[in-house]
Amino acid sequence: LNYHMTHFMLSAPDIRHLPADVGIEVAFAGRSNAGKSSALNTITNQKGLARTSKTPGRTQLINLFEVVEGKCLVDLPGYGYAQVPEEMKRKWQRSLAEYLQKRQALKGLVVLMDIRHPLKDLDQNMIEWAVQSQIPVLVLLTKADKLASGARKAQLTMVREASLAFNGDVQVEMFSSLKKMGVDIVRKKLDSWFSE
Ligand code: GDP
């Protein structure tokens, strides 16, 4: 697929306001500041597609970007803001869980984690929900440029080994928007999910 053609389709305040559950969706999830917006912009080769550096605590929307008709990238709200009230956090988590468990169009989940701080509790929850729903997962260890080559390989090996415990289809790769690392691997994975 030509990801350069991706365009904004709509924003939804929650999963009940998403469009009809048809076609194919691939969702992107991650802690706030993990580099999700940058990754979406890099993958689609469009600087301003997803907004980077959002204000913590601001109302979070689900953004849908259409690659071609019926094939969408879904930018899920970032999780893990320290400043957000507990009640709001629980609401987001329920909403994310519900989306992963119920959405028929969802064919793949990309989970972005800063390579220096991988596999936090909520990251693990996201992967567990996806695996339970038999949705394949691509874990991207973002900002890989922040570590030297030896250290980032060690992190990759560590996360790959830890991910075996999920007992599901979980692939782990390094990624850097800054250095355009891992972009082809992601696009290939998206191609395979979108071609089902
Ligand atoms: P989001 O909150 O997950 O959407 O994260 P953003 O994409 O807004 O990125 C958060 C911060 O990390 C920003 O300051 C980005 O410039 C920075 N960042 C994102 N990707 C990279 C990367 O590949 N390398 C480096 N060094 N910094 C990055």
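The values are calculated or read from the model by the stated rules, or taken from the named source; none is laboratory data. Keep in mind that this is a model prediction, so the values were computed, not measured. Positions of Cβ are backbone-derived with ideal geometry, glycine not excepted, and every protein chain shown enters the neighbour counts. With ligands, DNA and RNA removed, areas are computed over all heavy atoms of the protein, side chains included. Shrake-Rupley method; radii C 1.70, N 1.55, O 1.52, S 1.80 Å.
Of the numbered conditions (1) away from the ligand (no atom under 16 Å from the Cβ); (2) open to solvent by less than 20 Å² (accessible area, probe 1.4 Å), Ala20 fails exactly one; give the number of that condition.
All conditions pass for Ala20, except number (2).
Could you tell me which of the residues Arg116, Arg103, Arg90 is crowded, with 17+ Cβ neighbours inside 10 Å and more than 15 Å from the chain's Cα centre (by Cα)?
Arg103
Mind listing whichever residues of the range 130-142 are open to solvent by less than 50 Å² (accessible area, probe 1.4 Å) and in a helix (DSSP H, G or I)?
Ala130, Val131
Kindly indicate the residue of the range 143-196 that is open to solvent by 80 Å² or more (accessible area, probe 1.4 Å) and basic (Lys, Arg) and also nearest to Tyr3 (Cα to Cα) among those meeting that condition.
That would be Lys188.
Which one of these is of a type in the set (Asp, Glu), outside any helix (DSSP H, G or I) and within 20 Å of Ile127 (Cβ to Cβ): Glu25, Glu66?
Numbers: Glu66 fails: within 20 Å of Ile127 (Cβ to Cβ).
The unique qualifying residue is Glu25.
Of all the residues that make up the range 153-168, how many are part of a helix (DSSP H, G or I) and over 11 Å from Pro118 (Cβ atoms)?
Of the residues in that region, 7 qualify.
Between residues in the range 129-149 that are closer than 19 Å to Gly35 by Cβ and residues that are surrounded by fewer than 16 Cβ atoms within 10 Å (Cβ to Cβ), which pairs lie under 6 Å by C-beta distance while being six or more apart or on different chains?
Leu138/Gln171; Asp145/Leu178; Asp145/Lys179
Please find, within the range 169-196, the residue that is nearest to the ligand (Cβ to nearest atom) out of those that are assigned to a helix (DSSP H, G or I) and of a type in the set (Lys, Arg).
Keep residues of the range 169-196 that are assigned to a helix (DSSP H, G or I), which gives 183-194.
Subset that is of a type in the set (Lys, Arg): 187-189.
On the way: Arg187: 16, Lys188: 19, Lys189: 18 Å.
Taking the candidates together, the pick is Arg187.
Failed condition for Leu76, given (1) of a type in the set (A, V, I, L, M, F, W, C); (2) open to solvent by 50 Å² or more (accessible area, probe 1.4 Å); (3) within 16 Å of the ligand (Cβ to nearest atom), with all others met?
(2)
Let me spell it out: the conditions are (1) more than 10 Å from the ligand (Cβ to nearest atom); (2) at pLDDT 85 or above; (3) not β-branched (Val, Ile, Thr), and Ser38 meets all of them except one. Which number is the exception?
For Ser38, the failing item is (1).
When the residues of the range 52-63 are filtered to those that are more than 8 Å from the ligand (Cβ to nearest atom) and part of a loop (DSSP other than H, G, I, E, B), which remaining residue is modelled with the highest pLDDT?
Going through the qualifying residues, I end up with Leu61.
Quick one: Ile43 ticks every box in (1) at pLDDT 90 or above; (2) open to solvent by 20 Å² or more (accessible area, probe 1.4 Å) bar one, so which box is it?
(2)
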